[in-house]
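A.B. asks: Take this structure first; my questions come after.
Here, each number is a calculation from the coordinates, and none is a lab measurement. The shown structure was predicted, so the numbers you read here are calculated from the model rather than taken from an experiment. All Cβ positions, even for glycine, are placed from backbone atoms using ideal geometry, and neighbour counts span all protein chains on display.
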Ligand SMILES: Nc1nc2c(ncn2[C@@H]2O[C@H](COP(=O)(O)OP(=O)(O)O)[C@@H](O)[C@H]2O)c(=O)[nH]1
Ligand SMILES: [Mg+2]
Ligand SMILES: [Zn+2]
């Protein structure tokens, strides 16, 4: 029977099979094929389940994935931690304030979304806490890229109809730092979800199995949404410094225009990217973010 992984906890999975939830185990040989990542199946996977008892089964096979979202789990030996798969869009939620918005988080999420074949979407929540001009400053660079942007107050209701509409009939994952309002937003579009808010931040969110308490929810309006609690940092995975610029759509026109073919766009003479930044064609904050991420990737190596 075909099912979809709702949640993974160690080697036990909650799987949606024919509209009900089954408790399933992962077949041993699937584990063997997947030593390099956190788990052979993750939230969002479509799987083949063989029933063993009432609403219980064994996962025998995993279908090919259309998208995935990973990060590097830190530790002595970094490995790929796949947070979820088969989602169509990634909503990066930041708070207009409380906690302070981090552009670096947005930019890293966008890089991994593009790499993993997800449509990036930006949601600025808690717009009730700042003047509209502050929200515009935050959104401007992403508007220029053409990504969908939502401005919401999950508390006051601003923008919630549009946000709800954006989640209709598709698979959406939501990421954002703790406290930005992810759970409140999802409860706002579907009160029946009853997600806990103000959850205390888990200290060890980087462990092999602890982190990804990613949970998939089926929406009444149609579609799925995945809540990913406890993600503090998005360390890029599988992106070499020299490849980073390729994940910045605004740098596409400058490709191959620098004096040096392997230009890092940080300090080389005759750099088309730096010229474009100086000319105002590329948002300064995006370029500064590129520099920081490039440097962090170089020091990771
Ligand atoms: N002022 C304001 N507070 C909000 C808003 N959305 C959520 N909050 C509050 O922010 C805190 C964290 O929300 P929560 O949904 O648990 O964040 P999560 O960790 O991202 O899931 C809670 O106290 C919420 O009541 C909003 O739009 N405006
Ligand atoms: Mg939450
Ligand atoms: Zn350059």
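A.B. asks: Rounding to the nearest 10 and keeping the result within 0 to 90°, find how far the Cα-based axis of helix 132-145 lies from the longest principal axis of the chain.
C.D. replies: Roughly 90 degrees between the two axes.
A.B. asks: Okay, moving on. When a/c reaches 1.5 or more, the comparison of a/b and b/c decides; with that in mind, is the chain rounded, prolate or oblate per its Cα gyration tensor? Walk me through the numbers before you get to the answer.
C.D. replies: On the way: a/c = 2.15, a/b = 1.38, b/c = 1.55.
Oblate is the answer for the chain, as a/c is 1.5 or above yet b/c matches or exceeds a/b.
A.B. asks: Same structure again: What do you get for the angle between helix 284-300 and the principal long axis of the chain? Use alpha-carbon atoms, 0 to 90 degrees, nearest ten.
C.D. replies: So the inclination is approximately 60 degrees.
A.B. asks: Roughly how tilted is helix 103-116, in degrees to the nearest 10 and between 0 and 90, from the longest Cα axis of the chain?
C.D. replies: Result, in degrees: 60.
A.B. asks: Report, in deg cm²/dmol and to the nearest 500, the calculated mean residue ellipticity at 222 nm for the chain, where each DSSP H run with n ≥ 4 adds -39500 (n - 2.57) and the sum is divided by the residue count. Walk me through the intermediate numbers first.
C.D. replies: On the way: 7 runs with 72 residues, N = 301.
After summing the helix terms and dividing by the residues of the chain, the value is -7000 deg cm²/dmol.
A.B. asks: Test of understanding: what is the full-extension gain from residue 54 to residue 240, defined as 0.36 nm times their sequence separation minus their Cα-Cα distance? Walk me through the numbers on the way to the answer.
C.D. replies: On the way: separation 186, 0.36 × 186 = 66.96 nm, distance 4.73 nm.
Length difference between fully extended and current span is 62.2 nm.
A.B. asks: Sticking with this one: Stretch residue 161-residue 198 to full length: gain in nm at 0.36 nm per residue minus the Cα-Cα span?
C.D. replies: 11.0 nm
A.B. asks: Which value results for Rg/Rh of the stretch 241-300 when Rg is the Cα radius of gyration and Rh the Kirkwood radius based on the inverse mean 1/r? Write down the numbers at each step before the final one.
C.D. replies: Numbers: Rg = 10.6 Å, Rh = 11.5 Å.
Ratio of gyration radius to Kirkwood radius for the stretch 241-300: 0.92.
A.B. asks: Let me ask you something else. By per-residue mean of other Cβ atoms within 10 Å, what is the highest-first order of 245-258, 128-141? Before the final figure, lay out the partial values.
C.D. replies: Values: 245-258: 16.1, 128-141: 14.6.
Order by mean packing, descending: 245-258, 128-141.
A.B. asks: Give, to the nearest whole percent, the P(r) tail of the stretch 2-62 beyond 20 angstrom, counting all Cα pairs. Walk me through the numbers before you get to the answer.
C.D. replies: Working: 236 of 1830 pairs.
Here the tail beyond 20 Å accounts for 13 percent of pairs.
A.B. asks: Which stretch or stretches of the stretch 243-278 have amide N atoms under 13 Å from the point lying 7 Å from residue 295's Cα along the Cα→Cβ direction?
C.D. replies: 266-267
A.B. asks: Of the DSSP beta bridges with both residues in the chain, give the percent that are antiparallel, rounding to the nearest 5.
C.D. replies: Numbers: 31 of 54 bridges.
Close to 55 percent.
A.B. asks: Taking the Cα-to-Cβ direction at residue 12 and at residue 145 and moving 7 Å from each Cα, how far apart do the two end points lie in nm?
C.D. replies: Roughly 3.9 nm, to one decimal.
A.B. asks: Hey, how many Å between the Cα centroid of the stretch 174-190 and the Cα centroid of the stretch 14-82?
C.D. replies: 25 Å
A.B. asks: How much length is gained on full extension from residue 97 to residue 137, taking 0.36 nm per residue of separation minus their Cα-Cα distance?
C.D. replies: Working: separation 40, 0.36 × 40 = 14.40 nm, distance 1.28 nm.
That works out to 13.1 nm of additional length.
A.B. asks: Further question: Classify the stretch 68-227 as rounded, prolate or oblate from the Cα gyration tensor: take a ≥ b ≥ c as the square roots of its eigenvalues, call it rounded if a/c is under 1.5, otherwise prolate when a/b beats b/c and oblate if not. Numbers along the way, then the final one.
C.D. replies: Details: a/c = 1.39, a/b = 1.25, b/c = 1.11.
Rounded is the answer for the stretch 68-227, as its axis ratio a/c remains below 1.5.
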